[in-house]
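Below is one structure; the comments refer to it alone.
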Amino acid sequence: MQSDTFRLGLTCAILALLSAQALADDHRGGSNFKRVATLANYINNDNRGDETVSEIVAVTKNGKTLVYTDSELEEIGFVYIGKPDDPIPTGKLTVGGEPTSVAVIGNTLALVAVNTSESFANPSGKLVVVHISKRRIIGELDLGGQPDSISISPDERFAAVAIENERDEDIIVDGVEGGLPQLPAGYLAIVDLKGGNPKNWSVRQADLRGLAGYAPGDPEPEFVDIDEYNRAVVSLQENNHIAIVDLASGTVLDHFDAGTVDLDQVDTIEDDIISLTGSLAAVPREPDAIAWIDGYIGTANEGDLFGGSRGFSIFDAAGNLVFDAGNRFDHLAVQVGHYPEGRSENKGSEPESIEFARFGGKPYVFVGSERGSFIAVYAIGKDGKPEYQQVLPGPLGPEGLLAIPKRNLLVVSGEEDDPEFGVRSSIMIYEYSDEGRRTYPQVRSQLGADGTPIPHSALSGMDALPNGDLVAVWDSFYADSRIFTIQPRRNQAVVTGSMQITGAGNLDPEGIALAPDGTYWIASEGNASGSRLNRLLQTDAMGTVLREIGLPAEVEACRAASANRRSLGAGFEGVAVLGDESDYVLLVAQQRGWDYTTADCEALDDDPDDSNPGEPGQTRIWVYSPDAGWLEPIPWELAEIPENASWVGLSEITRTPAGDYVIIERDNRTGDFAELKTLVKVDVDDLLDDDGVTAAEKTVVDIQPALEATNGWITDKPEGTAITSEGRVFVVTDNDGVDDWSGESWFLPLGNVDALFEGNN
């Protein structure tokens, strides 16, 4: 008889193989969803500097006008999507309070749930009825409490509004911070939609008290969805309960506890290290969004009061568990580089939204990760169980998922915004098609020896290996510095290995180069305060540090004495090899120019004539000889700073097969505000002449079109470049560890280096 250990090992191996195969097929052809447009919400607003968001989004019956809620400005916004790849903002309307959700009747009326509460203890709200084409309010109904989600029945006879009367999270109840009960109790508001005139509508209350095991006297309904039988399924998130209500009678047909989940191989410690070694026992699911799925019930288990269950579930209508994602949703986030490590002690990737629809006759479920900013797509079998299909890059903090199957569209709205020139809240549109391959993710990892995906994120410097594979590093967002091996496959890059850099600490690896002697050289960036110094490190093939080299003493002294800290905030960003095995040197790219404020340092800084001490117009390429130490640096004339940017700098230096060098030169802006994302090729002779590199000696390729081709809010950080011995050029973007960024990583294959730069000057 086989041992339990053998069977367990075999099971893990099979599961690992299935998981690997699922993502290995991510770029296969056939039916898939692709992002076709991104619309930043600030465009629909008078003042670009205002915080403006889109939480929940609805659509008219013809599928051409979106209506979204903007709680920050107490408005709803309108967007015309007659051409999905060219959405047009068409204005906003103030609704007299905080809109929490919206639904649409036909092509004419938007029903907006609006929170007008004075306090947690004195909640209030209303249903605002808006004539969409006239952009005016034509009616209001008192809901009697603070609303959250709203849904309209398919036959448009009823609207159901979850009246949450949300808790004060700072109050301690029975020893639980934010615990229940905190009266008044919530309920389900049922609106009878008699005809098209809101004057004839009336509001009833469905009592949800006495159902849940936890705080039965204080239900807090969060989300509601209605099926074709006019049954409303309601999530009571903090109560960890689900209720099914007959809208015609207002009675509870059935209810059940959402249950708990045991999680293994998840990251439970917020320590700037992605470590899938933790366990959580009996975590309440605490579902947020909820959806009917062909008679089944799907829940996005965000977690809340008692933890984060990190997955999604499917129940039958009697409350029997059909499927639970367990740790797989978190593992997916890790595998595609979208895992938010800073949420490990809370809710992990935090699935918050769920949507169901049929596309091409096939049933699909979409699950949105609030903190990971991605949407996972699953096909649903007849048994109600999901099969993973693909992952989509989402806006920052996706809150609302809206399927428009009649137009083959999926719309996702984002609730996070960073005015004025930051990553802006946006609406993203995806199109379902039977043609072409899937375009995301462009980089993912395979499974490690323990069956969990190899963590990767915040990728920075890269270099090519002789066998055609690549190596890369991630930066100081993570506490453990690492070297990754990457296979640039035909349609997708795959992280195949990871090893820790040992023997040195407090690093910010930004560049890597393979030396002729088989060692690696790592460029580690310093910071403005001087608490982390610029370092050039040599490691062996296993990542053990052999040498650690700092800047020349006179430079460190000038940096330490300078009062102008702003210009010192960006240092070593890339490293490349010049020479052969017997006699090579390192070229180290400094991102931005440094200016020192002491008189005896003028000859050493990058703005010797003080023409622009705040942001010098030149930087430098440092030259280091393993035998002779630091040599004379090479001045580099930076491109002019674009209007909306605060600086231009270098991010990488890479040698071509012909012995010339390619450098990333870019501005620091994202999305609509980005203007300068370039690859610059410099002949080695021009690089080494006495005058350094001037603008006239640069051959420039604009890579912003390649970034914009993703149809997203583009990153400010193309940071790694690798060129193989065959001349294939790859660029990777840094996703900042999914912190204040959506987590998108783009691995751009840009073709042959000679063809890329041909005809540019």
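The values are calculated or read from the model by the stated rules, or taken from the named source; none is laboratory data. Just so it is clear, the model here is predicted, and its values are computed rather than measured. Here the Cβ positions follow ideal geometry from the backbone for every residue, glycine too, while neighbour counts run over all protein chains shown. Heavy atoms of the whole protein, side chains included, go into the accessibility calculation; ligands, DNA and RNA do not. Shrake-Rupley method; radii C 1.70, N 1.55, O 1.52, S 1.80 Å.
Tabulated values for the structure
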{"item": "For Cα extents along the principal axes in Å, calculated from these coordinates, the label among (i) 86, 73, 54; (ii) 86, 79, 54; (iii) 91, 73, 49", "result": "(i)"}
{"item": "Residues whose placed amide H lies under 5 Å from that of Asp225, excluding near-sequence neighbours", "result": "Val233"}
{"item": "Heavy-atom SASA rank of Ser524, Ser202 (probe 1.4 Å, accessible area, largest first)", "result": "Ser202, Ser524"}
{"item": "Under-5 Å amide H pairs with Leu465, H placed in peptide plane, nonlocal only", "result": "Leu470, Val471"}
{"item": "Segment Arg204-Lys64, length gained on full extension (0.36 nm per residue, minus Cα span)", "result": "47.2 nm"}
{"item": "Charge dipole magnitude, Cβ of K and R +1, D and E -1 - the chain, Cα centre, debye nearest 20", "result": "3500 debye"}
{"item": "Long-range amide H partners of Gly139 with built H, under 5 Å", "result": "Val129"}
{"item": "For the chain, with +1 on Lys and Arg beta carbons and -1 on Asp and Glu, the positive-most of Tyr661, Leu756, Pro441 along the dipole", "result": "Pro441"}
{"item": "Dipole of the chain, positive end: most advanced residue of Gly530, Thr94, Thr699 [Cβ charges, Cα centre]", "result": "Thr94"}
{"item": "Prolate/oblate/rounded label for segment 451-555 (Cα gyration tensor, a/c 1.5)", "result": "prolate"}
{"item": "Integer Hz, Karplus 6.51/-1.76/1.60 couplings in order for segment 602-610, x for Gly and Pro", "result": "4, 5, 9, 8, 9, 9, x, 9, 6"}
{"item": "Sequence of Lys362, Lys681 from largest to smallest accessible area, 1.4 Å probe", "result": "Lys362, Lys681"}
{"item": "Solvent-accessible ranking of Lys717, Lys385, Lys61, Lys698, largest area first, probe 1.4 Å", "result": "Lys61, Lys385, Lys717, Lys698"}
{"item": "Nearest-20 debye value, segment 621-747 charge dipole, Cβ charges on Lys, Arg, Asp, Glu", "result": "420 debye"}
{"item": "Cβ-placed point charges (K, R +1; D, E -1), dipole of segment 537-645 about Cα centre in debye, nearest 20", "result": "420 debye"}
{"item": "Carbon and sulfur %, accessible surface of the chain computed with the full protein complex present, 1.4 Å", "result": "47 percent"}
{"item": "Span-rule helices in the chain, defined as complete DSSP H runs reaching 24 Å or more along the axis (Cα) with Kyte mean at least 1.6", "result": "none"}
{"item": "Residue-averaged [θ]222 nm for the chain, counting only DSSP H segments that reach four residues, each worth -39500 (n - 2.57)", "result": "-2000 deg cm²/dmol"}
{"item": "Cα→Cβ-extended label distance, 7 Å offset, between Thr94 and Glu177, nm", "result": "3.7 nm"}
{"item": "Glu637-Ala557 pseudo-label distance in nm [points 7 Å out on the Cα-to-Cβ vector]", "result": "3.3 nm"}
{"item": "Theoretical FRET efficiency, 1/(1+(r/R0)^6), r = Cβ-Cβ of Asp142 and Asn107, R0 35 Å, to 0.05", "result": "0.85"}
{"item": "Protection proxy ranking of 321-328, 441-448 - average other beta-carbon atoms within 10 Å, highest first", "result": "441-448, 321-328"}
{"item": "Per residue accessible area of segment 67-129, 1.4 Å probe, in Å²", "result": "35 Å²"}
{"item": "Accessible solvent surface per residue of segment 209-266, calculated while the other protein chains remain in place, 1.4 angstrom probe, Å²", "result": "35 Å²"}
{"item": "Vicinal HN-Hα couplings computed from phi for segment 290-305 (Karplus, 6.51 cos²θ - 1.76 cosθ + 1.60; Hz; Gly/Pro x)", "result": "9, 8, 6, 10, 6, x, 8, 10, x, 10, 8, 8, 5, x, 6, 5"}
{"item": "Label-point separation, Ala658 to Asp702 (7 Å along Cα→Cβ), nm", "result": "2.3 nm"}
{"item": "Accessible area (Å², per residue) of segment 358-436, counting only protein heavy atoms and a probe of 1.4 Å", "result": "31 Å²"}
{"item": "Selected from Leu507, Ala599, Val577, residue furthest toward positive end of dipole (segment 498-642; charges at beta carbon)", "result": "Leu507"}
